[in-house]
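To start, the structure itself, in structure tokens.
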Amino acid sequence: MSTKFHVVTIFPEMLETYLGFSILKRAIRNNIVSVEIHNLRDYSPNKHKTVDDSPFGGGAGMVMKPDPFFRIVEALWPEKEKRKIIMLSPRGRLFSQDSAMELSHEEKDIIFFCGRYEAIDQRVSDYLVDEEISIGDYILTGGELPALVIIDAVARLIPGVLGDFGSTEEESFSWGLLDYPHYTRPEHFQGMSVPGVLMSGNHREINRWRKKQAIKTTLEKRPELLERYVLTDKDRELLEEIKEDNNELDRGN
Ligand code: 4HQ
């Protein structure tokens with residue numbers, strides 16, 4: 001089973017460029033994921049290849065016509081059971097790491113409809129789309145970046161896409177927490193030093209420090225994430241230490 005993405009867009013080059021680099025490029029070349037990009041204009045029924053028109057009821061902006069979307073689905077994915085059509089929209093369910101994990105297990109072809117202009121004709125959403133997803137509460141000019149964001153986040157969860165790092169121990173160690181601080185050479189740089197514990201070679205102490213830093217960073221920057229995270233006894237001990245450290249700092253020690 002290899003995860004299969006399709007993107008329907010009027011700007012195929014926007015996606016081709018991003019997918020042609022680095023980890024995604026290698027994953028696609030190695031057939032671990034596949035991404036096919038389809039130009040919606042090729043499915044326009046008229047000779048001018050138009051895909052938009054003015055809105056019924058009046059108003060500013062253009063609306064994407066329904067027929068090219070219905071034609072591409074009929075031509076390429078006629079069986080409803082074998083496809084999952086996702087439309088990118090600020091109205092959709094907010095995308096998260098949990099959504100990425102769910103999609104990484106999807107057996108059906110995952111098809112993204114990328115809108116441009118003001119909107120896509122509502123009948124596309126009503127009759128073709130299985131799920132609307134938003135990547136955040138802001139307005140973009142099109143669905144292409146959201147489709148890339150989702151493909152990127154999902155692909156790196158598929159076994160074999162990242163080397164062997166990142167996947168197993170590392171992520172379960174700090175899953176749900178923000179990352180701990182990272183350092184590399186030089187040890188001393190413009191008067192700034194690397195924390196001594198990282199130079200100690202004591203891997204128990206290093207792991208303990210990293211876990212403590214992950215909890216501390218999460219507490220300071222994204223406390224709402226810590227509320228969802230299930231603390232082990234060890235984590236609780238580290239959290240107490242962090243609070244104790246902060247109290248000492250407050251007292252000026
Ligand atoms: N869009 N998350 C596409 C978004 C958006 C988002 C606005 C979707 C423009 C044409 N999509 N239309 N945020 O802002 O997914």
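The values are calculated or read from the model by the stated rules, or taken from the named source; none is laboratory data. All values derive from a computational prediction rather than experimental measurement. Methodologically, a virtual Cβ is constructed for each residue, glycine included, from the backbone with ideal geometry; neighbour enumeration extends over all protein chains shown.
Has segment 135-155 got any residue that is without any contact (Cβ under 8 Å) to a residue 12 or more places away in the chain, of a type in the set (Phe, Trp, Tyr) and within 30 Å of Val35 (Cα to Cα)?
no
Of everything in segment 136-151, what is buried (at least 22 other Cβ atoms within 10 Å of the Cβ) and near the ligand (Cβ under 7 Å from one of its atoms)? Give them in sequence order.
Listed by number, the residues that qualify are Gly143, Pro146.
Take the residues in segment 102-118 that are closer than 13 Å to Val154 by Cβ and out of contact with any helix residue (DSSP H, G or I) (no Cβ under 8 Å at 6 or more places or on another chain); name whichever of them is farthest from the ligand (Cβ to nearest atom).
His105
Of all residues in segment 54-70, how many are in contact with a helix residue (DSSP H, G or I) (Cβ under 7 Å, 6 or more places away or on another chain) and either under 22 Å from Ser134 (Cα atoms) or surrounded by fewer than 12 Cβ atoms within 10 Å (Cβ to Cβ) (or both)?
Total meeting the criteria: 2.
Looking at (1) buried (at least 18 other Cβ atoms within 10 Å of the Cβ); (2) within 16 Å of the ligand (Cβ to nearest atom), which one does Val73 not meet, given that it meets all the others?
It fails just one condition, (2).
Step by step: first the residues of segment 76-95, then only those that are more than 16 Å from the ligand (Cβ to nearest atom) and hydrophobic (A, V, I, L, M, F, W, C), then the one that is surrounded by the fewest Cβ atoms within 10 Å (Cβ to Cβ). Which residue is that?
Per the criteria, the residue is Leu76.
When Asp98 is evaluated against the numbered criteria (1) over 14 Å from the mean Cα position of the chain (by Cα); (2) more than 15 Å from the ligand (Cβ to nearest atom), which criterion, by number, is the only one it fails?
Unmet condition: (1).
Scan segment 8-32 and report the pairs whose first residue is more than 21 Å from Ala75 (Cβ to Cβ) and whose second residue is surrounded by fewer than 16 Cβ atoms within 10 Å (Cβ to Cβ) and polar (S, T, N, Q), with Cβ atoms within less than 9 Å and a gap of 6+ or a chain change.
If the second residue must be surrounded by fewer than 16 Cβ atoms within 10 Å (Cβ to Cβ) and polar (S, T, N, Q), the pairs left are Ile28/Ser34; Asn31/Ser2; Ile32/Ser2.
Having 1 or more residues that are modelled with pLDDT of 95 or more, more than 20 Å from the chain's Cα centre (by Cα) and hydroxyl-bearing (Ser, Thr, Tyr) is the bar; report the helices (runs of 4 or more DSSP H) wholly within segment 157-250 that clear it.
The qualifying helices (runs of 4 or more DSSP H) are 203-221.
Out of the residues in segment 197-253 that are touching a Lys or Arg at 6+ places or on another chain (Cβ under 8 Å) and more than 16 Å from Leu178 (Cα to Cα), which is surrounded by the fewest Cβ atoms within 10 Å (Cβ to Cβ)?
The extreme case among them is Lys234.
Taking strands (runs of 3 or more DSSP E) that fall entirely within segment 1-98, which contain at least 2 residues that are touching a His at 6+ places or on another chain (Cβ under 8 Å) and modelled with pLDDT under 95?
Once the strands (runs of 3 or more DSSP E) in segment 1-98 are filtered for at least 2 residues that are touching a His at 6+ places or on another chain (Cβ under 8 Å) and modelled with pLDDT under 95, nothing remains.
At negative phi and in contact with a Gly (Cβ under 9 Å, 6 or more places away or on another chain) - does that describe any residue in segment 99-111?
no
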